[in-house]
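Here's the structure, in structure tokens; my notes come after.
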């Protein structure tokens, strides 16, 4: 059975970092942060660059992937702007496919 990772009490929010996101995530990992918050709103968050900073730290053996916790803020209006199509009819709204969202936003 998989275990939920232990999460530090500090969450590093990545909103507004823009093109500096990858470098700032990497630097935060170097000094001990392991919990990051990002979101699916491209005006405020760069999920792809959060992933880039994490991959860099993993490749340099600073951290192991199992040590990291990333929380994602899913804003409905942002899903409407993504390739994930949701119905505007409240009787037909389906929960968003979060895995599909990640595949679109954070390339492997």
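Numerical summary
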| item | result |
| --- | --- |
| Residue selected from segment 8-63 under the condition in contact (Cβ under 8 Å) with a residue 40 or more places away in the chain and buried (at least 17 other Cβ atoms within 10 Å of the Cβ), by the criterion nearest to residue 74 (Cα to Cα) | 40 |
| Residue count, segment 50-77 (criterion: within 9 Å of the chain's Cα centre (by Cα) and either at pLDDT 90 or above or on the phi > 0 side of the Ramachandran plot (or both)) | 2 |
| Meets criteria (at pLDDT below 85, assigned to a loop (DSSP other than H, G, I, E, B) and over 19 Å from residue 66 (Cα atoms)) for residue 5 | no |
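The values are calculated or read from the model by the stated rules, or taken from the named source; none is laboratory data. All figures in this text were calculated on a predicted structure; none of them were measured in a lab. Please note: Cβ atoms are built from the backbone with ideal geometry, for glycine as well, and neighbour counts cover all protein chains shown.
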